[in-house]
Amino acid sequence: MSTEPSTLQRISLREAEITPGFTVRRALPTRERRMVGPWCFLDHIGPVELAGDQAGMHVDEHPHTCLQTFTWMIEGEVMHRDSLRSEQIIRPGQVNLMTAGHGVTHTEDSLDSSRRLHGVQLWIALPEAQADMPPAFHHYPELPRWQEEGCELTLLAGQHARRQAPTLMHSPAIALDIHAPAGAELKLPLSAEFEHGVLPLTGQVRIDSKAQAFTPKEFAWLAPGPQIVTLHLAADTRLILVGGTPWQQNVIMWWNFVGHSREAVKQAQTDWEAGSPRFGTVPHARRRLAAPKLPW
Ligand code: MN
């Protein structure tokens, strides 16, 4: 039984401006790797201290298709509003999951009372069979949470060690939040069929016997195969681990759209530009974001 991943890839995060003046660090997609299982987008937001009149994170009304947005805050609170009339404050310790399916639109605004923001937003691609499902929004205030080897673990999605997260998934996938306040060495059993990604949000982690640590500037990709991975976590390290069955279907990502063909993405963009009822509207939204011109 192999206990070492046969392949471990080191991927540098890149900066991305999600709204003017507000920059995040993006782990997926990058040139080196587009997806980890169904996870097709991974933005690390902050940690950022909002000083004086700095506005925070305000993302105006924009559409999504064929994906789920998955938001997990470590610090700070964000108001989510969508075309299903959902209005939900996203708080640390809770998963918020919006399933776009055929089409949805939403806004995201950090609360003025939140002067520190730290979190992640991920997208999960929907399989072809669910691409056009009706949109939905789910808020999960309670998640499996436990202590192990000096670490605090929270299961955000999928199954782990006989635990099951309530989060609605459409493909085999896992997401775990691991925090080691005083540092720890954690042996983590993994599904051999899954590929995995490890993103430190604070601190640093060494994986198995590899000498070089990963910091929040880097994302570690682990090939399918290893059954147990050993994480050497420095004091006050927090990371998220995501995984899933390597994706076999065609996936096109353009702006805020995911689709299984260019035609599907082009149709979504045409419908958004035409103000089609497909996406609905967010009550009291300030303005709709315009899609950039399609590259093809
Ligand atoms: Mn969005």
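The values are calculated or read from the model by the stated rules, or taken from the named source; none is laboratory data. It should be emphasised that the depicted structure is a prediction, and the values quoted were computed from it without experimental measurement. Glycine gets a Cβ as well: all are built from the backbone with ideal geometry, and neighbour counts include every protein chain shown. Areas reflect the complete protein model, heavy atoms only, side chains present, ligands, DNA and RNA absent. Shrake-Rupley method; radii C 1.70, N 1.55, O 1.52, S 1.80 Å.
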Enumerate the amide H contacts of residue 74 below 5 Å, restricted to partners 5 or more residues apart or on another chain; note that Pro and chain-start residues carry no placed amide H.
-> 118, 119, 120
Pick out, in residue order, every one of the trypsin sites (Lys or Arg not before Pro) in the range 1-99 that is DSSP loop and has at most 10 other C-beta atoms within 10 Å; say none if there are none.
-> 31, 85
Read phi for every residue in the range 14-27 and hand back ³J(HN,Hα) as whole Hz from Karplus 6.51 cos²θ - 1.76 cosθ + 1.60, θ = phi - 60°, with x for Gly and Pro.
-> 10, 7, 9, 8, 8, 7, x, x, 10, 10, 10, 10, 10, 9
Looking only at the range 111-145, which residues have a backbone nitrogen under 17 Å from a spot 7 Å from the Cα of residue 249 in the C-beta direction?
-> 123-136
Is the shape of the range 1-152 rounded, prolate or oblate, going by the alpha carbon gyration tensor and its root eigenvalues a ≥ b ≥ c, with a/c under 1.5 for rounded and a/b larger than b/c for prolate?
-> rounded
Roughly what would the spin-label model give for residue 116 and residue 129, points 7 Å off Cα along C-beta, in nm?
-> 4.5 nm
Tensor-based shape of the range 84-212 (alpha-carbon gyration tensor, a/c under 1.5 rounded, otherwise prolate or oblate) | oblate
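I need the shape label for the chain. Rule: rounded when a/c is under 1.5, else prolate if a/b > b/c, else oblate, with a, b, c from the alpha carbon gyration tensor.
prolate
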Computed over the chain: longest principal axis from alpha-carbon atoms vs helix 262-273 long axis, angle to nearest 10 degrees, is 50 degrees
Carbon and sulfur atoms: what percent of the 1.4 Å accessible area of the chain do they account for?
-> 49 percent
Given the peptides 150-161, 233-244, 180-191, arrange them by the average over their residues of other C-beta atoms within 10 Å, most packed first.
-> 233-244, 150-161, 180-191
Choose one answer from 255, 72, 247: the residue with the largest mean-square fluctuation in a GNM of the chain with alpha-carbon springs under 10 Å.
-> 255
